[in-house]
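**Student:** Right, I'll just put the structure down here and ask away after.
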Amino acid sequence: MIHDPHLQQFFNQVRTRLIELLDDEAEADRLLLALAGYIRQAEKSGQSLEGLLSQDPNEYARFLIEQPTTNEEYRRRYHVLIDASDDLNAQEKTQANREFDWAVNQLDEANLSLQEIEVRDVAFLAYTKIEAMKSSRTIWNRFGWLLGMVLAFAYANLLLVVDDLFSGRLFSAPTTTYPVDYLGFLLPVLLTGAVFGWLSRFRHHVHTIGRRIGFVLLIIAVYTLFVLGTHPLLYALQWSFVIQLTPVYGLILLAISGFMAMWTLIEFVWKSTRCALGDEPLKLYY
């Protein structure tokens, strides 16, 4: 049951036109099954469907009937649906189209048709990707600062190991301890990671070389300011966390934090935007 009267009207108009074109009510309902499920899901999540409502019901009915058969037709129709979406910005649309094109190119190289491995219609594939992109955006906006701190923690431990490497301790005395003011070392890195994670919500505005260089310089400037600001503050407050490290312990910290960073990126960033095509024995992600 569709609750929005405008969506219900659009759905009914498409259904009526499909029945007229097909002269088969059961087939019309089958073609509309994925659309009805997507509309209900969108209503539950509060997603805007203005892009869908802006389309002509008669043209959309023909769109559903004329299911693609070749990979190029799948590609073209997918691009049309993505580009018509009001839920994605320009950079997200480019990313969605680029990743779908990659999957289709893999099939072209294997001389396979998307129709052979995927039973869902192209509209459902596009709407699934739109939901995944929105979910990824929400994760970055809400938890980007935390993701940035996890990455910064791994980076801080990498700096420790690099220092051990160039000082020779990593090879000459791997079990010999040396003192490190860990709080003064780690705090600027974590604060910079938090800022980096918070700024990640604006990442789609950083897509030119000049802006990327400027973003990197900004992070370097933030880190430098935190180093210059937090160290005197810690000394003034007499907060010090001096620990005895060994190169072996630094390697263990790097392994643990590196695993945490990779797992976080895979689970909350990479997987949140990837959608499956096909099934075993052939599964691709777009």
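The values are calculated or read from the model by the stated rules, or taken from the named source; none is laboratory data. Not measured: the values here are computed from a predicted model. A quick note on method: Cβ atoms are made from the backbone with ideal geometry, for glycine too, and the neighbour counts reach across all protein chains shown. Note: accessible area is taken over every heavy atom of the protein model, side chains too, but ligands, DNA and RNA are not part of it. Shrake-Rupley method; radii C 1.70, N 1.55, O 1.52, S 1.80 Å.
**Student:** Yes or no: Gln91 in contact (Cβ under 8 Å) with a residue 12 or more places away in the chain and outside any helix (DSSP H, G or I)?
**Tutor:** Spelling it out, it is not the case that Gln91 is in contact (Cβ under 8 Å) with a residue 12 or more places away in the chain and outside any helix (DSSP H, G or I).
**Student:** While we're on this one: Please determine, by comparing only the residues of region 172-193 that are in contact (Cβ under 8 Å) with a residue 40 or more places away in the chain and of a type in the set (A, V, I, L, M), which one is nearest to Gly229 (Cα to Cα).
**Tutor:** Of everything passing the filter in region 172-193, Leu187 is nearest to Gly229 (Cα to Cα).
Residue by residue, here is whether (1) at pLDDT 80 or above; (2) among the aliphatic types (A, V, I, L, M); (3) exposed (fewer than 14 other Cβ atoms within 10 Å of the Cβ) holds:
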{"residue": "Leu33", "(1), (2), (3)": "no, yes, yes"}
{"residue": "Ala36", "(1), (2), (3)": "no, yes, no"}
{"residue": "Ile39", "(1), (2), (3)": "no, yes, no"}
{"residue": "Glu50", "(1), (2), (3)": "no, no, yes"}
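**Student:** Now a separate question. Over 30 Å from Val248 (Cβ atoms), among the hydrophobic types (A, V, I, L, M, F, W, C), touching a Leu at 6+ places or on another chain (Cβ under 6 Å) and in contact (Cβ under 8 Å) with a residue 12 or more places away in the chain: which single residue out of Ala152, Ala103, Ala156, Ala132 fits that description?
**Tutor:** Being over 30 Å from Val248 (Cβ atoms), among the hydrophobic types (A, V, I, L, M, F, W, C), touching a Leu at 6+ places or on another chain (Cβ under 6 Å) and in contact (Cβ under 8 Å) with a residue 12 or more places away in the chain holds for just one of Ala152, Ala103, Ala156, Ala132, which is Ala103.
**Student:** Looking only at helices (runs of 4 or more DSSP H) that fall completely inside region 168-273, which ones have 1 or more residues that are under 30 Å from Ala126 (Cβ atoms)?
**Tutor:** Here the list reads 182-199, 209-237, 247-265.
**Student:** Another question, if that's okay. Determine whether region 143-162 contains at least one residue that is touching a Lys or Arg at 6+ places or on another chain (Cβ under 8 Å) and in a helix (DSSP H, G or I).
**Tutor:** Looking through region 143-162, at least one residue is touching a Lys or Arg at 6+ places or on another chain (Cβ under 8 Å) and in a helix (DSSP H, G or I).
**Student:** Can I ask one more? Taking only region 74-107 into account, find how many residues are more than 23 Å from Leu53 (Cα to Cα) and open to solvent by less than 10 Å² (accessible area, probe 1.4 Å).
**Tutor:** Qualifying residue count for the region: 4.
**Student:** How many of the residues in region 250-286 are more than 15 Å from the chain's Cα centre (by Cα) and either of a type in the set (Ser, Thr, Tyr) or open to solvent by 30 Å² or more (accessible area, probe 1.4 Å) (or both)?
**Tutor:** Summing the residues that are more than 15 Å from the chain's Cα centre (by Cα) and either of a type in the set (Ser, Thr, Tyr) or open to solvent by 30 Å² or more (accessible area, probe 1.4 Å) (or both) in region 250-286 gives 13.
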